[in-house]
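Just below is one structure, and these are the notes that go with it.
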Amino acid sequence: MPANLPPEYFEEEKKLRTAKTIPEKIEILERLLSIVPKHKGTEKLQAVLKRKISKLREQQQRKSATARRGPVFYIEKSGAGQVILIGPPNSGKSQILNSLTNAYSEVADYPYSTKKPVPGMMPFKDIKIQLIDTPPIGEEYLEPWLPELVKIADAVLLIVDLSNDDLLSQIDIVFQKLKEKKIQLVGSLKEKIEESFFIKKTMIIGNKFDLQHAKENFEVLSELFGKEFLIIPYSAKEQINIEELKEKIYNFLDLIRVYSKIPGKKPDLDEPFVFKKGSTIMDMAEKIHKDFAKNLKYARVWNKNNLNGLKVTKDYILQEEDIVELHI
């Protein structure tokens, strides 16, 4: 550092340490550059300041380009699984989120009242499942960031308005819009899918089941889509079939709840472990701690199928509400 820098240089340098925004940093660096005496002894310092200004301007341009493309949303997964709610305008997605969770998403009688994703946690027995409300998918518009949220989610709930006689064409629009983004909604992961497509396991929720013509439209919907998709009639306003819907969502995620037990003590029935169906004793050991998996010898299992402390091997497939005691 040259010794002949004026005092105002060091005053501006102090401001740089506390500057937070890119424009603010650029402004201070430009002032520093103007203050530095121009001679051979300061050439390296001038070059350093110019490089910093150049990098900050590049960052500013990248941020401006991102802002022009619109907001990007990412919802971190929480709970036992993440389920995203999609559907045409005024299908009642926000109503459903509000009825099933402790979250609040604005409900309005006009389309596109939801502008950004709204997460909420749905309680089911002793676990919680994350639901995400999203802006509607219409013929004219699809939020550019929404397909990415659909791809990440563990499952999709397609919400339709059973009181709307145009619901079939609205469903076709949703399917087509997502297909354009290389996303295919399926009722089962066993179905044949086009290559390069993201496949998303989807359940259809027929909302507003309490309104006029809803039952007739539900029958039509079931006839056309019932062989491929699980379809649940529901009323978010009247909470018709609310407990059934919660259980269907849980089962749709292919989850099981498993409880742990320390040898010689009562089982912990307050906070279950949650696994995908088909998980084994070894999967549970790995989830608890890597040393359990490394040193595991066997386990004992209690469950509602009359297993009463049965000694099992590491490859035993866990069942719903198993109580497991690991031995190392």
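Miscellaneous remarks
- Kirkwood hydrodynamic radius of the chain, Cα pairs, Å: 24.2 Å
- Charges were assigned to the Cβ only: +1 to each Lys and Arg, -1 to each Asp and Glu. The resulting dipole of the range 134-191 about its Cα centre is roughly 380 debye.
- Per-residue ellipticity at 222 nm computed for the chain from its helices equals -11000 deg cm²/dmol, with DSSP H segments shorter than 4 residues left out and the rest contributing -39,500 (n - 2.57).
- For the range 151-273, the Stokes-Einstein estimate of translational diffusion at 37 °C and a viscosity of 0.692 mPa s comes to 199 µm²/s, using the Kirkwood hydrodynamic radius over alpha-carbon pairs.
- Relative frequency of Cα-Cα separations exceeding 13 Å in the range 7-69, percent: 64 percent
- Of Asn308, Asn241, Asn207, the one that fluctuates the most in a GNM where the chain has Cα springs shorter than 10 Å: Asn308
- Cα pair distances exceeding 20 angstrom across the range 216-288, given as percent: 54 percent
- Using every pair of separate Cα atoms, the Kirkwood estimate puts the hydrodynamic radius of the range 196-328 at 17.7 angstrom.
- Ranking of Leu97, Leu142 by count of other Cβ atoms within 10 Å, fewest first: Leu142, Leu97
- Straightening the chain between Asn308 and Glu180 buys 40.8 nm, computed as 0.36 nm per residue apart minus the Cα-Cα spacing.
- Reciprocal of mean inverse Cα separation for the range 255-327 (Kirkwood radius, Å): 12.0 Å
- Distance (nanometres) between label positions extended 7 Å along Cα→Cβ at Lys115 and Leu230: 3.5 nm
- For the range 252-292, pairs of C-alpha atoms spaced more than 16 angstrom apart make up 41 percent of the total.
- If you wrap the range 82-252 in the convex hull of its Cα atoms and look at it from every side, the mean projected area works out to 9.2 nm².
- The charge dipole of the chain, taken about its Cα centre with unit charges on the Cβ of Lys, Arg, Asp and Glu (plus for the first two, minus for the last two), comes to roughly 2140 debye.
- Furthest towards positive pole of dipole, Tyr9, Leu29, Ile183, structure part the chain, Cβ charges: Tyr9
- Residues of the range 142-182 with amide N under 14 Å of the 7 Å Cα→Cβ point at Gln212: 163-165
FYI, it's all coordinate maths here, none of it is from the lab. Because the structure is predicted, anything quoted here is derived from the model rather than measured. Glycine gets a Cβ as well: all are built from the backbone with ideal geometry, and neighbour counts include every protein chain shown.
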